[in-house]
Amino acid sequence: MDKLVLASRNKNKIAEMKALVSDLGIKVYSALDFPELEEVDEDQDTLEGNALKKARYVHQHTGLPSLSDDTGLEVDALGGAPGVYSARYAGEKVTYQDNVLKLLREMNGKEDRAAQFRTVVALVTAENEHTFEGVCKGVIIDHQRGEKGFGYDPVFLPQEFDQTFAELDSKVKNEISHRGRAIQKFISFLKG
């Protein structure tokens, strides 16, 4: 495989994913490089379903191997919510900040702060489909800390760290994050 299309328009996610696969010698494109691609409705009930749906669509329209992911923040005290709805937890067309503020409101007064980020990465080629899962466990803190990262990063404190994802250096975050772990499984698969 010498070319790969990331089935995403999210510039933060694209930068993170490109950094993770930079050592493979693969020319990496994103959905932004193919303006004719339409936005894929993430209407599946699972992270795996959404990741596969996006990767299949991009592969079908570009003819190139396609890599997609879907990520959810799963909070124990909220019964696993926001989960597959993490990007639209506070509603459609909301900001990261809207989602974080809703989460903090929902967590107000809760003693159990355990949570995990879970990513499913889907690879679709002309021959096969594969999925790879990565999990990062941690806790939801009661206030935002840090300026780096995106999404729920300012309120997620990974296990064995005293800095939130938004405070960690991006290299460290990529090594321990849910997406980083899923991509490492993908890279191991490619290396055979």
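Given the structure, is Phe189 at pLDDT below 95, under 20 Å from Ala7 (Cβ atoms), part of a helix (DSSP H, G or I) and not polar (S, T, N, Q)?
yes
Listed here are the residues, each with its yes/no results for (1) in a loop (DSSP other than H, G, I, E, B); (2) out of contact with any Pro (no Cβ under 7 Å at 6 or more places or on another chain); (3) under 18 Å from Leu20 (Cα atoms); (4) not basic (Lys, Arg).
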{"site": "His143", "(1), (2), (3), (4)": "yes, yes, no, yes"}
{"site": "Glu147", "(1), (2), (3), (4)": "yes, yes, no, yes"}
{"site": "Phe150", "(1), (2), (3), (4)": "yes, yes, yes, yes"}
{"site": "Leu157", "(1), (2), (3), (4)": "no, yes, no, yes"}
{"site": "Glu160", "(1), (2), (3), (4)": "yes, yes, no, yes"}
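Could you list, in sequence order, all residues of segment 90-116 that are more than 22 Å from Asn10 (Cβ to Cβ) and either assigned to a loop (DSSP other than H, G, I, E, B) or aliphatic (A, V, I, L, M) (or both)?
Hits for segment 90-116 are Leu104, Met107, Asn108, Gly109, Lys110, Glu111, Asp112, Arg113, Ala114.
Kindly provide the set of residues from segment 59-79 that are over 16 Å from the mean Cα position of the chain (by Cα) and more than 18 Å from Phe132 (Cα to Cα), ordered by number.
Result: Gln60, His61, Thr62, Gly63, Leu64, Asp76, Ala77, Leu78, Gly79.
I need the full set of residues from segment 25-58 which are closer than 19 Å to Leu4 by Cα, over 14 Å from the mean Cα position of the chain (by Cα) and not hydrophobic (A, V, I, L, M, F, W, C), in order please.
Gly25, Lys27, Tyr29, Ser30, Asp33, Pro35, Glu36, Glu38, Glu39, Lys53, Arg56, Tyr57
Looking at segment 120-147, which of its residues are surrounded by 13 or more Cβ atoms within 10 Å (Cβ to Cβ) and either modelled with pLDDT under 95 or over 22 Å from His178 (Cα atoms) (or both)?
Thr125
Being of a type outside the set (A, V, I, L, M), assigned to a helix (DSSP H, G or I) and touching a Gly at 6+ places or on another chain (Cβ under 9 Å) is the filter here; which residues of segment 71-89 pass it?
Scanning segment 71-89 gives a single hit, Ser86.
Filter segment 40-80 down to residues that are free of Cβ contacts under 8 Å to residues at least 12 places away in the same chain and under 21 Å from Glu106 (Cβ atoms) and give me whichever is surrounded by the fewest Cβ atoms within 10 Å (Cβ to Cβ).
Within segment 40-80, the match that is surrounded by the fewest Cβ atoms within 10 Å (Cβ to Cβ) is Gly79.
The values are calculated or read from the model by the stated rules, or taken from the named source; none is laboratory data. What you see is a predicted model, and the numbers here were worked out from it, not measured in a lab. Note: ideal-geometry Cβ built from the backbone for every residue, glycine included; neighbour counts use all protein chains shown.
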